Amino acid sequence: MRILISMMLIIILNSSYSLAEPLPRPWAHHNQENYEAGVTTDNPFTGKYSAYIRSREVEGNTMGTLWQAIKPRPDWFGERVRMTLYMKTLGVKDAVGLFMRVSTYGGLINYDYMYDRVVHGDTDWHKQMIVLDIPRDTSLIDFGVWIIGKGEVQVDEFRFDVVDNKLRVTGSSEKIEFSQPENLDFEGYTEVEKNRN
């Protein structure tokens, strides 16, 4: 499941999407065929509105997301940042989670897709968080909520705070080593890779 969630989020975040109505800008919604998203006045955590993403008639491992991409604030560079929000679920058959991905110019990616602590079933409003380091060469931060399969998730009160380095990072890091597209014809499939499969 961990690999499936990671691959689906990478595809979603790098594919085309449309801004959903009636979501406020700059929120985006992916997979409108299988999921609807918007804002609602139905029992928000605070204020008048919260956002939701809910399944239509879906089968199997279909995924929907509600997300946005931002440039990092200058005071976040070199700091540890905690993203918190409040979440409520209804009839989630497979899984719901948050995500945050920090991309740098140098090829480092810090990410947490929350696949080690997914939410299922029905839950009342509860706080969730992701904690990641923001390197000095950060170029982009993607964040939001995802759902796989049937159900609904409602979110409210996203917040970002610089925190002490004593607070443990919740995600992982990966270094992208390729500086240009490579092996585009797949002829570089080696004997070592064949033996792994």
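The values are calculated or read from the model by the stated rules, or taken from the named source; none is laboratory data. All values derive from a computational prediction rather than experimental measurement. All Cβ positions, even for glycine, are placed from backbone atoms using ideal geometry, and neighbour counts span all protein chains on display.
Scan the range 134-173 for residues that are without any contact (Cβ under 8 Å) to a residue 60 or more places away in the chain and within 16 Å of the chain's Cα centre (by Cα) and jot them down.
Of everything in the range 134-173, just one residue is without any contact (Cβ under 8 Å) to a residue 60 or more places away in the chain and within 16 Å of the chain's Cα centre (by Cα), namely T170.
Just one of (1) touching an Asp or Glu at 6+ places or on another chain (Cβ under 7 Å); (2) within 20 Å of G151 (Cβ to Cβ) trips up M63, so point out which.
(1)
Of the conditions (1) assigned to a loop (DSSP other than H, G, I, E, B); (2) without any contact (Cβ under 8 Å) to a residue 60 or more places away in the chain; (3) among the polar types (S, T, N, Q), Q128 satisfies every one except a single condition; which number is it?
(1) is the only condition that Q128 fails.
Being outside any strand (DSSP E or B) and either modelled with pLDDT of 90 or more or surrounded by 13 or more Cβ atoms within 10 Å (Cβ to Cβ) (or both) is the filter here; which residues of the range 52-66 pass it?
R56, V58, N61, T62 - these are the residues of the range 52-66 that are outside any strand (DSSP E or B) and either modelled with pLDDT of 90 or more or surrounded by 13 or more Cβ atoms within 10 Å (Cβ to Cβ) (or both).
Tell me the residue from M87, M83, M100 that is more than 24 Å from S173 (Cβ to Cβ), modelled with pLDDT of 95 or more and not in a loop (DSSP other than H, G, I, E, B), please.
It is M87.
Is it the case, given these coordinates, that H126 is loosely packed, with under 14 Cβ neighbours inside 10 Å and over 13 Å from the mean Cα position of the chain (by Cα)?
yes
Let's see how each residue does on (1) more than 26 Å from A37 (Cα to Cα); (2) among the polar types (S, T, N, Q):
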residue: Q68; (1), (2): no, yes
residue: G106; (1), (2): yes, no
residue: I130; (1), (2): no, no
residue: D133; (1), (2): yes, no
residue: I148; (1), (2): no, no
